[in-house]
Amino acid sequence: SSAKLAKDLDAEMLVILTAVDRVCINFNKPNQEELACMDIEKAKQYIKEEHFAKGSMLPKVEACLDFVEAGTNGQALITSLEKAKEALHGETGTIIKK
């Protein structure tokens with residue numbers, strides 16, 4: 001619903017706030033990796049490889065993909081509420097773009 005609202009408002013960016021500062025692959029494993037940026041292709045690859053939990057990060061990444069794919073120049077950002085300001089300045093968070 002947040003992606004649809006952002007598209008309907010023709011927003012430049014969809015921001016999704018969650019419990020982590022950045023999206024990770026291999027979450028809670030020794031080889032966990034924080035992602036500063038993903039393009040559409042990479043995000044779809046990570047989804048196919050089942051890096052994102054179905055009831056947790058997956059719907060957030062899918063909403064971002066929906067928003068980014070539908071727009072011409074849109075970007076999406078996933079970060080924590082506590083780090084939202086820093087993420088909007090590019091200091092943390094995960095950007096999803098074309």
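Taking the criterion of being in a helix (DSSP H, G or I) and more than 16 Å from Leu14 (Cα to Cα), the residues of the range 44-86 that qualify are Lys44, Gln45, Tyr46, Ile47, Lys48. For the range 50-62, taking the residues that are without any contact (Cβ under 8 Å) to a residue 12 or more places away in the chain and small (Gly, Ala, Ser), the one that is least open to solvent (accessible area, probe 1.4 Å) is identified as Ser56. Taking residues in the range 1-21 that are closer than 16 Å to Ser56 by Cβ and without any contact (Cβ under 8 Å) to a residue 40 or more places away in the chain, and partners anywhere that are open to solvent by less than 50 Å² (accessible area, probe 1.4 Å) and of a type outside the set (Gly, Ala, Ser), not one pair has Cβ atoms closer than 7 Å while being at least 6 places apart or on different chains. Listed by first and then second residue, the pairs linking a residue in the range 63-88 that is on the phi < 0 side of the Ramachandran plot and free of Cβ contacts under 8 Å to residues at least 12 places away in the same chain to a residue that is assigned to a loop (DSSP other than H, G, I, E, B) and surrounded by fewer than 18 Cβ atoms within 10 Å (Cβ to Cβ), with Cβ atoms under 9 Å apart and 6 or more places separating them unless they lie on different chains, are Thr72/Lys98; Lys85/Glu91. In the range 5-47, of all residues being within 13 Å of Gly71 (Cα to Cα) and surrounded by fewer than 13 Cβ atoms within 10 Å (Cβ to Cβ), the one that is nearest to the chain's Cα centre (by Cα) corresponds to Glu12.
The values are calculated or read from the model by the stated rules, or taken from the named source; none is laboratory data. These numbers come from a predicted model, not from an experiment. All Cβ positions, even for glycine, are placed from backbone atoms using ideal geometry, and neighbour counts span all protein chains on display. For the accessible areas, the whole protein counts, side chains as well, though only heavy atoms, and no ligand, DNA or RNA atoms are used. Shrake-Rupley method; radii C 1.70, N 1.55, O 1.52, S 1.80 Å.
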